[in-house]
1. Suppose the filter is exposed (fewer than 13 other Cβ atoms within 10 Å of the Cβ) and aromatic (Phe, Trp, Tyr); does TRP19 pass it?
2. Going through THR73, THR92 one at a time, which residue ends up being in contact with a Leu (Cβ under 6 Å, 6 or more places away or on another chain), polar (S, T, N, Q), assigned to a helix (DSSP H, G or I) and modelled with pLDDT of 90 or more?
3. For residues that are out of contact with any helix residue (DSSP H, G or I) (no Cβ under 8 Å at 6 or more places or on another chain) and either farther than 24 Å from LEU7 by Cβ or assigned to a helix (DSSP H, G or I) (or both), tally how many sit in region 25-61.
4. How many residues, within region 59-85, are buried (at least 16 other Cβ atoms within 10 Å of the Cβ), closer than 14 Å to PRO38 by Cβ and in contact (Cβ under 8 Å) with a residue 24 or more places away in the chain?
5. Here are some residues: VAL91, VAL76, VAL84, VAL49. Which one is among the β-branched types (Val, Ile, Thr) and within 10 Å of the chain's Cα centre (by Cα)?
6. I'd like the full set of residues that are of a type outside the set (A, V, I, L, M) and under 17 Å from VAL9 (Cα atoms), limited to region 33-76.
Amino acid sequence: MRRLFALAVVAYGVALLGWLAWPSFGESFIGKVVGIPPFSLYIFEHLGVPGLTDRSRCDWMWCKPTILGIVFTTAVWLGAAWLVCAGIAHVTRRARNR
């Protein structure tokens, strides 16, 4: 499970670097999927988690994320990835034992 999690994190990290570096990659389908976690910061703030964005540094109604916002969003998505990898490992282990 740890190897699968590490592989998923590395693959997402490479894709995120591509998303940040090449705007045309961000417009592709995979780029849009990669962009979901960074933009989920605004959904979490809308749902009531305070302090995720700096309200004094907004441009076109997009406020800059704070360090707390980046850490919170990263923790949520890493936790979700960990749970998905644990589920995959459980299902594959169960299928092998049959």
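The values are calculated or read from the model by the stated rules, or taken from the named source; none is laboratory data. Nothing here was measured: the structure is a model prediction, and the numbers come from that model. Note: ideal-geometry Cβ built from the backbone for every residue, glycine included; neighbour counts use all protein chains shown.
1. Considered against the rule, which asks whether it is exposed (fewer than 13 other Cβ atoms within 10 Å of the Cβ) and aromatic (Phe, Trp, Tyr), TRP19 comes out as no.
2. Step by step, each of THR73, THR92 is checked, and only THR73 is in contact with a Leu (Cβ under 6 Å, 6 or more places away or on another chain), polar (S, T, N, Q), assigned to a helix (DSSP H, G or I) and modelled with pLDDT of 90 or more.
3. Matching residues across region 25-61 total 19.
4. Going through region 59-85 one residue at a time, the tally reaches 5.
5. Among VAL91, VAL76, VAL84, VAL49, only VAL76 is among the β-branched types (Val, Ile, Thr) and within 10 Å of the chain's Cα centre (by Cα).
6. Once the filter is applied, which keeps residues that are of a type outside the set (A, V, I, L, M) and under 17 Å from VAL9 (Cα atoms), region 33-76 yields GLY35, PRO37, PRO38, PHE72, THR73, THR74.
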